[in-house]
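Data first, discussion second: the structure below is written as structure tokens.
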Amino acid sequence: MRHPVIAGNWKMHKTIAQGVAFARQLKARVAGLHHCDVVIAPPFTALAAVADTVRDSPIAVAAQDVHWDREGAHTGDVSAGMIVEAGCSHVIIGHSERRQEHGETDETVNRKLRAALAAGLVPIVCVGETLRDRDAGRTEDVLARQFEGGFAGLTAQDFSRIIVAYEPVWAIGTGRTATPSMAAESHRFLRRLAEKAFGAAAGLRILYGGSVKPENIAGLMAEEDIDGALVGGASLEVDSFSAIVNYPQARRDQP
Ligand code: 13P
């Protein structure tokens, strides 16, 4: 049985004060929660303060990116050790916004992933196709390429510590969610790739991301191959994020 994960990616939102206020409120809402892991990913500036606020609660903190070197002349970058010191246990790697806006490739994803694993972080590695890829029937090719490049050379032991997030680019911030069955199909494909590359993949947690909302989370989570969500916009308000975290109570969208 895979333990679900609900993660909130704040992207470039929230000051330190706003992040801490959010974390305090969320902490009160998730006290005693056991049905899923809860992760929030503030911007770098707010990591330490938010991590201090949620200490001794079920909430884990993730960075949104990491550099592969331990230290060095990399202006603007942050190392895995620095992220750990700030209080993070997780890190998002290879988000499509970083691939598109910062030229990240499967190779840099792989280097970042190794650095994160070496520092003891849990990497949440994002993959997903663009609308053009999907329309051209290339979804599986793209996922296979991102999977093979991103996870190249890892041992099965390394791989067992990774969380994968399937985020179709066309569903991010667009209000256009993949249907639960569409998402589940890609999740099954990713799990087959994992089985082929690393043997047992039954424990691999694959999150869906792309316009996840309180209204659609229950339908997504009803799919056996969807193990959680990586939430952008709806993770910025405590009410909507708590409603997603508490998805077992959410009403299912009528098809
Ligand atoms: P939205 O939930 O705003 O579509 O963003 C998804 C995402 O990119 C999470 O990483």
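The values are calculated or read from the model by the stated rules, or taken from the named source; none is laboratory data. Treat the numbers as computed from the prediction; the structure is a model and nothing was measured. Here the Cβ is made from the backbone with ideal geometry for all residues, glycine too, and neighbour counts use every protein chain on show. Side chains are part of the model used for accessible areas, which takes the heavy atoms of the whole protein and leaves out ligands, DNA and RNA. Shrake-Rupley method; radii C 1.70, N 1.55, O 1.52, S 1.80 Å.
Observations
- Meets criteria (without any contact (Cβ under 8 Å) to a residue 24 or more places away in the chain, more than 16 Å from the ligand (Cβ to nearest atom) and not in a strand (DSSP E or B)) for THR75: yes
- When residues of the stretch 195-216 are limited to those that are more than 17 Å from the chain's Cα centre (by Cα) and small (Gly, Ala, Ser), the one least open to solvent (accessible area, probe 1.4 Å): ALA201
- Close pairs (9 angstrom Cβ cut-off, 6 or more residues apart or separate chains): without any contact (Cβ under 8 Å) to a residue 40 or more places away in the chain in the stretch 231-249, more than 12 Å from the ligand (Cβ to nearest atom) and of a type in the set (Phe, Trp, Tyr) anywhere: GLU237/PHE22
- If you go through the stretch 132-164 and keep only what is in contact with a Pro (Cβ under 8 Å, 6 or more places away or on another chain) and free of Cβ contacts under 8 Å to residues at least 40 places away in the same chain, you end up with just ARG134.
Condition check ((1) surrounded by fewer than 19 Cβ atoms within 10 Å (Cβ to Cβ); (2) in a loop (DSSP other than H, G, I, E, B); (3) among the aliphatic types (A, V, I, L, M); (4) away from the ligand (no atom under 16 Å from the Cβ)) across all residues:
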residue	(1), (2), (3), (4)
GLU129	no, yes, no, no
GLU140	yes, no, no, yes
ALA152	yes, yes, yes, yes
GLY173	yes, yes, no, no
GLU185	yes, no, no, yes
PHE189	yes, no, no, yes
ARG192	yes, no, no, yes
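- The residues listed here are ALA49, ALA60; of these, the one that is surrounded by fewer than 22 Cβ atoms within 10 Å (Cβ to Cβ) and in a strand (DSSP E or B) is ALA60.
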